[in-house]
Each structure stands twice: as structure tokens, then as C-alpha cells.
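Bear in mind these aren't lab numbers, they're just calculated from the coordinates by the rules spelled out. Note that the coordinates shown come from a computational prediction; the quantities given were computed from them, not determined experimentally. So basically every Cβ, Gly included, is an ideal-geometry build from the backbone, and we count neighbours across all protein chains shown.
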Amino acid sequence: MVQVDASGSDVVPVGKSATEPIPRTTSCSTASTPVDALPIYGYTKYIKAIVESVGRSLAERLRMAVQEYARFIRESIKRPGRVGAIAPSTQRLATHMVRWIDWESVNTVVEYGPGTGVFTSEILRSKRPDAHFFAVELHSEFASALSEQYPDVPILEDSVANIEALCQQQGVTEVDAIICGLPWAAFSDSAQTEYLDAMMKVLKPGGQLATFAYLSGMVLPAAHRFRAKLKGYFGKVEASRTVWLNFPPAFIYRCWR
Ligand SMILES: C[S@@+](CC[C@H](N)C(=O)[O-])C[C@H]1O[C@@H](n2cnc3c(N)ncnc32)[C@H](O)[C@@H]1O
């Protein structure tokens, strides 16, 4: 380590050890040392502390990401037709799903099928602080992990088929926006209709829905059936560009009732 003496020189005097404390040569009468006179070895403690804390937070993030991924894989193997995905959505897809909503006008937002909560955190970042928010998740493992992660967000362990009763339970009469992670292409014709009919009972006229579809899933008849249904249920439906940074790549249906 190169040391700097109080005069600002970065050379270590010949015959002195690089680790030996360097005598202060300033005639400063107060106890504090002027910042420009601090020797570099004084900073190493701070640099070490910063590196350690960044390392700890990266390790913690990695540990949580691995846990979330493992939970997702476990559930998708147990219930392939219900989870309908092989990996949680990426942050990029979450941003595209959530950011286009006109958040200023949203008093109540509901998330359908949050899974490991990729969209949940983006919704919390985007919504007005006073807007009402709850999520509906069918599977208990996802629901209980999310409740622990977001203790202030009601995570209702139920099916979106019961959204009207769930809204009543939450004291909500109408919903302004729905962010939906349901695997529509994995659902039967009757399940698609049941969930959309139920949605129409709570989504107010002009209300917004964001839901995504995998590009690769568009080979499935159920995906085309769902696309056609959306056009029947909503006044305006747009499909976003493909979000390639997702596995598999996906696009978003933006719908206005
Ligand atoms: C494709 S995963 C999406 C998870 C997460 N939103 C994401 O993008 O990573 C579908 C989620 O919908 C949930 N789900 C499936 N059917 C449901 C239903 N009828 N009601 C509520 N959640 C449901 C599954 O348990 C799963 O968490």
C-alpha cells in the first residue's frame, strides 16, 4: 500500500516500513485533521467497510434471487398448468408491464398471480402512496413467502375467479388497474372466460389491464383464443413490442375497458 504523509507526498521515506504510522508534520493545533492532509491509510478502513457492505448486500440479493428461483421451479414442476412458466419474469418485463399505466388516476390496483413478486415491487415503486393495493395468488407457497416479504400488502391466497368477493372483503367497490401474471395460454376456454367475466365485475369503465404472453406460446390455440377474447371484453387492446430480455421473450397486452 502506498502511503501519503501529511505533506501530500506519496513516497515512503527510505528505511521506513510501509506499515509504520507516519508522523504528522502539520502544525495544526486542533484535534481534527484537515481532509486534504489525511493519509491514505486513514481511508483504507472506510474503503474496506464499503467493500464489505456492498459484498454483503450483493450476496444477500443473490441468496434471495436463488431462493425465489428455486421456489418458482418447485411450484412450476408441481403445478405446470397453473404456474405456466419456467422462470419468474425479469425486471425488464416488470418495468414494461407496470410503467405504462396512468398511475396518477389509479386509486385501486390489484395484482393477479404475483408468484415470487417481480411485478409487486415494481407496482409498489410506481403507484401513488395512498392508492389501495392488494394481490391475489392461488398457491400457498408463493402467497406466504410474499406476505413475509411485503407485510404491508394484503396477499390473498385465493383464485381470481373470486375477485368480486375479494374486493368486497377489502372494502373496494371498483378497480382502476389490474397487473396480471396469469398464464392465460395454459387455461381452458372456460377458465379464460370465467376469469375475464369475474374481472369485468370489478374493473371500472376506462380501467386498465396489463397482462403478458410468451412469444413462443403464440403457437398454441389457447393463446389465440385469449387474444380474441381480449378484443371482445375491452374497448381498446394494444400489444407491445417483444421484450427480448425475458425468458422466454414476451410481449404485453395493454387493455382499456
Ligand atoms: C406465469 S406465473 C407468473 C408469476 C409472476 N407474476 C411473474 O411474472 O414472475 C403465474 C402465476 O399465477 C398464479 N395463478 C395461476 N392461476 C391463478 C388463479 N386462478 N388465481 C390466482 N393466481 C393464479 C400462479 O400460482 C403463478 O404464481
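Here's the yes/no breakdown for (1) out of contact with any strand residue (DSSP E or B) (no Cβ under 6 Å at 6 or more places or on another chain); (2) of a type in the set (D, E, K, R):
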{"position": "L182", "(1), (2)": "no, no"}
{"position": "F187", "(1), (2)": "yes, no"}
{"position": "M200", "(1), (2)": "yes, no"}
{"position": "L203", "(1), (2)": "no, no"}
{"position": "Q208", "(1), (2)": "no, no"}
{"position": "P221", "(1), (2)": "yes, no"}
{"position": "F226", "(1), (2)": "yes, no"}
{"position": "K229", "(1), (2)": "yes, yes"}
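Of the strands (runs of 3 or more DSSP E) that lie entirely inside segment 167-257, those containing 1 or more residues that are touching a residue at least 24 places away in the same chain (Cβ under 8 Å) and among the charged types (D, E, K, R) span 175-180, 203-214, 250-256. If only residues of segment 166-194 that are among the aliphatic types (A, V, I, L, M) and farther than 13 Å from F134 by Cβ are counted, the one that is nearest to the ligand (Cβ to nearest atom) is L182. Counting the residues of segment 167-200 that are over 25 Å from the mean Cα position of the chain (by Cα) and of a type in the set (V, I, T) gives 2. Whenever a residue of segment 131-142 is crowded, with 21+ Cβ neighbours inside 10 Å, its partners that are of a type in the set (S, T, Y), lying with C-beta atoms within less than 6 angstrom and at least six residues away or across chains, give the pairs V136/Y112.
Checking each residue in segment 101-155 for being within 16 Å of the ligand (Cβ to nearest atom), assigned to a loop (DSSP other than H, G, I, E, B) and of a type in the set (A, V, I, L, M, F, W, C) picks out I101, L138, V153.
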